[in-house]
Structures are given as C-alpha cells and as structure tokens.
1. Under the rule of at least 5 residues apart or a separate chain, name every residue whose amide H is placed under 5 Å from the amide H of Ala49.
2. If you average the C-alpha positions of the range 3-19 and of the range 151-175 separately, how far apart do those two centres end up, in angstrom?
3. State to the nearest 20 debye the size of the charge dipole of the range 1-156 about its Cα centre, where the only charges are +1 on K and R beta carbons and -1 on D and E beta carbons.
4. State the dimensionless ratio Rg/Rh of the chain (Rg: radius of gyration of Cα atoms; Rh: Kirkwood radius).
5. Taking θ as phi - 60°, what are the ³J(HN,Hα) couplings along the range 158-172 by the Karplus curve (6.51, -1.76, 1.60), each to the nearest whole Hz, with x for Gly and Pro?
6. Calculate, for the range 52-171, the solvent-accessible area per residue in square angstrom, rolling a 1.4 angstrom probe over the heavy atoms of the protein chains.
7. For the modelled label position 7 Å from the Cα of Glu80 along Cα-to-Cβ, which residues of the range 1-16 have backbone nitrogen atoms closer than 11 Å?
Amino acid sequence: MLELSILGFLAEEPLHGYELKERIKALNGHVRPVSDGALYPAITRLVTAGKLDQHTEPGTSAAPRRILSLTETGREDLLERLRHPKQAEITDQVRFNTILAFLRHLPDRHEQAAVLRRRLEFLETPASFFYDNGKPVRAEETGDLFRQGMLRVARATGQAERAWLKEAITRLDQPS
C-alpha cells in the first residue's frame, strides 16, 4: 500500500520526500504510520524501476530538496494497481481507503464501478469478529457488553458503507 500511496500522491503533483511522507501519514493516520526506513527504500525501488523521476531543487533555508515526480511507467503501474486491487486491498478497510483515495485517477467509470462492486460483494458476505460453531455471532447474541459494542458499531459502519457503495455504483453506471 505504501507504493500505491506514493504513486497516487505523485500522480497529483511532484513532491519532495517530506511532503510525500506527511500526505501518506495523513491518509493512513496513526493506524499504519510510515517510517523513513520504509518510505525511502520504497521510493528508491520505484526510481530504479523507472516509475518515478527525481531531481534536486535548492531548499528554502536548508539543504537541497529531492523532488519526485511520476513517470509514464509509474502512471501505468498506478492504473494497473487501481484496476486490479489485491483481495486484501478489498477486504481491509484501511487498505481499501487507500484505493478509494486514488480511484479517481482511473479514467474508466466502469472500471471504477467494478472495484466498488468487489468491495460491496465482500461486505454483503455474512461475517463477524466472533463465531459460534462456524456461524457468525450477531450483537444481540452475545452477553458481552464490549463485544456487543464492537459488533453494533461494525454493523452500523457496514450499513453506511454499503449504502454509499450502491449509490456510487449507480452514479458510475449512468451515462456521463
């Protein structure tokens, strides 16, 4: 997801490493912080693969800054990652939010809708944090106040997300 975030933010505009790190941090929040030890090797891999270009500009009051920009190869990679997200990127909420953050870069509305349909299909499959003999446990079926809270919040969040997904898919399926 780190590489997707790098490609996605650089599709919007060239940035230097610190600005890029701050944007990724804002997107992921405290749930999945990005360290220099992960970010800069990922940038190096993308530069080596020809997906990013870099040049140096003078710093305002400090050392020169390395400015990163997306190459055409990087743009193609971004679009491919958006067209065909891995299953974990569909099922994990934080990862899916990263997909959503950049899905507008995918120019085909039908391809955008296909990604949303995959998420909707996942959310419509009965699931729970807890199971009893292989059957998902619902909030009303547990006597544990705290597990009940988890399940009620998850159900409300899931209902809201499913409603938005259905609305977005309907809009994307309409002729432009």
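1. none
2. Distance between centres, Cα-based: 28 Å.
3. On the way: 23 positive and 22 negative charges, 54 e Å.
In debye, rounded to 20, the range 1-156 gives about 260.
4. Numbers: Rg = 19.7 Å, Rh = 18.5 Å.
Radius of gyration over Kirkwood radius for the chain works out to 1.07.
5. Each residue of the range 158-172 in turn: x, 4, 5, 5, 4, 4, 5, 4, 4, 5, 5, 4, 4, 5, 5 Hz.
6. Working: 7690 Å² over 120 residues.
So the range 52-171 comes to 64 Å² accessible per residue, rounded to a whole number.
7. none
The values are calculated or read from the model by the stated rules, or taken from the named source; none is laboratory data. Quick caveat: nothing in here was measured; it's all calculated off a predicted structure. Glycine also receives a Cβ, built like all others from the backbone with ideal geometry; neighbour counts cover every protein chain displayed. Remember, those area values only see protein heavy atoms, side chains included, never the ligands or the DNA or RNA. Shrake-Rupley method; radii C 1.70, N 1.55, O 1.52, S 1.80 Å.
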